[in-house]
1. If you go through region 75-99 one residue at a time, how many are farther than 17 Å from Tyr195 by Cβ and out of contact with any Ser or Thr (no Cβ under 7 Å at 6 or more places or on another chain)?
2. Going by the conditions given, is Arg209 within 20 Å of the chain's Cα centre (by Cα) and of a type in the set (D, E, K, R)?
3. For residues in region 115-150 being within 12 Å of the chain's Cα centre (by Cα) and of a type outside the set (Phe, Trp, Tyr), which is surrounded by the most Cβ atoms within 10 Å (Cβ to Cβ)?
4. Looking only at region 139-154, count how many residues are in contact (Cβ under 8 Å) with a residue 60 or more places away in the chain and of a type in the set (D, E, K, R).
5. Among Ala157, Ala184, which is the only one that is without any contact (Cβ under 8 Å) to a residue 24 or more places away in the chain and surrounded by fewer than 20 Cβ atoms within 10 Å (Cβ to Cβ)?
6. Kindly provide the set of residues from region 191-215 that are modelled with pLDDT of 90 or more, among the hydrophobic types (A, V, I, L, M, F, W, C) and open to solvent by 10 Å² or more (accessible area, probe 1.4 Å), ordered by number.
7. Criterion first (modelled with pLDDT of 90 or more and out of contact with any Asp or Glu (no Cβ under 9 Å at 6 or more places or on another chain)) does Val95 satisfy it?
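The values are calculated or read from the model by the stated rules, or taken from the named source; none is laboratory data. Predicted, not measured: the structure shown is a model, and the values here were computed from it. Glycine gets a Cβ as well: all are built from the backbone with ideal geometry, and neighbour counts include every protein chain shown. Please note that ligands, DNA and RNA were not included when accessible areas were found on the heavy atoms of the full protein model with its side chains. Shrake-Rupley method; radii C 1.70, N 1.55, O 1.52, S 1.80 Å.
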Amino acid sequence: MPMPKYTRLRTFGAAFLIVASTTLCAAAAAPQKPAARPGGYPTKPVRVLVGSPAGSGSDLMMRAVAQRLTERWGQSVIVDNRPGAAGGISLQVAVNGIPDGYTLATLSAQNVTAMILGTVKTDIPRELTPVALMITQPYLMVATPSLPAGSVKELIALAKAKPLVYASSGTGSVVHLGMELFKAMAGVDMTHIPYKGSGLSMIDVMGGRVQVAITNTLTATPLVRSGKLKALAITSPQRVQAMPDLPTVAESGVAGYELRSWYGMLVPNGTPPATVQMLNRELVATVSAPEVTQKLAADGAEAAAPNRPDQFRKLIASEIVKWERVIQKLGLKK
């Protein structure tokens, strides 16, 4: 029997990608004096592909980073939203991009899980090159404000008494798998409705057409604070600074439950190693800037520790192994 594609992906060659974009996302402040970069890079606008719609966690994160890079480089950094296929459309555009450092792409944990399940057709580890891990974050479990449940324990009781529907940002996404894992650990059943991104799914949760979701903190925190969503729990092992009174799922009756996400950057294979190393330094410096870390912390996210491209590659490999096990344990189709 031939070895499944998602298993072959453990053996990495050149890895990731960083994509192209067409929605201008930054500018304002006067450019800082650029650090030494090959050939005075960038000498023209840089485009970054994002595989989710405007308003999603990936989009909000990348726009904050793009604004800082625009200021730092004195060149426009443009965000190009290419939603669909759990990020697979944007990744394929990146695969076909020119490997000159002007085509970048975001990679998220959900792109990896969707690749394992076959929604994303791009062989990420083989067709794209990793640059840097940038941001990590837990998720929020949220509900429509009218739901008669204000905690995870009450949600479990309600789900056992009546049919409920939950939303995700796409089949094979981390939040899809995270909710399936929650269902299995809590002993409940809910119907899954996939959307093309977290921004779209939150519209229906806010409107009450879908009752529950697990979604990223960048998208959900402002909606919770405005009363448009009800926060039930945080998915990290510990409570977060942004919402110190919000309990974790684990302490709310589902012991051992944990779910975290991350965002990184990729470039097309063939991008010169010196350019990859330079982009790594620039991205690490950008997300480590106090104004960026403060903005992330306010929404429950944090900048990743400084890391190298090879370390990012190893993280992806470990994520593939981890989610393969979860998918197999849950009996989900590949």
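1. Just the residues of region 75-99 that are farther than 17 Å from Tyr195 by Cβ, to begin with: 75-80, 91-99.
Imposing the further condition that a residue be out of contact with any Ser or Thr (no Cβ under 7 Å at 6 or more places or on another chain) reduces the set to 75, 93, 96, 98.
Residues that pass the stated criteria total 4.
2. No, not satisfied.
3. Here is the first cut: in region 115-150, the ones within 12 Å of the chain's Cα centre (by Cα) are 133-139.
Filter once more, keeping what is of a type outside the set (Phe, Trp, Tyr): 133-138.
Working: Leu133: 27, Met134: 25, Ile135: 25, Thr136: 18, Gln137: 23, Pro138: 25.
Once the filter is applied, the top-ranked residue is Leu133.
4. Let us first name the residues in region 139-154 that are in contact (Cβ under 8 Å) with a residue 60 or more places away in the chain, namely 139-147, 149-153.
Still in the list and also of a type in the set (D, E, K, R): 153.
Number of matching residues: 1.
5. Working: Ala184 fails: without any contact (Cβ under 8 Å) to a residue 24 or more places away in the chain.
Going through Ala157, Ala184 in turn, the sole match is Ala157.
6. Ile193, Ile203, Met206, listed by residue number.
7. Working: modelled with pLDDT of 90 or more: yes; out of contact with any Asp or Glu (no Cβ under 9 Å at 6 or more places or on another chain): no.
So Val95 fails the test.
For (1) modelled with pLDDT under 90; (2) within 21 Å of the chain's Cα centre (by Cα); (3) β-branched (Val, Ile, Thr), each residue gets a yes or a no:
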| site | (1), (2), (3) |
| --- | --- |
| Lys230 | no, no, no |
| Thr235 | no, yes, yes |
| Gly256 | no, no, no |
| Val267 | no, yes, yes |
| Val284 | no, yes, yes |
| Ala304 | no, yes, no |
| Phe312 | no, yes, no |
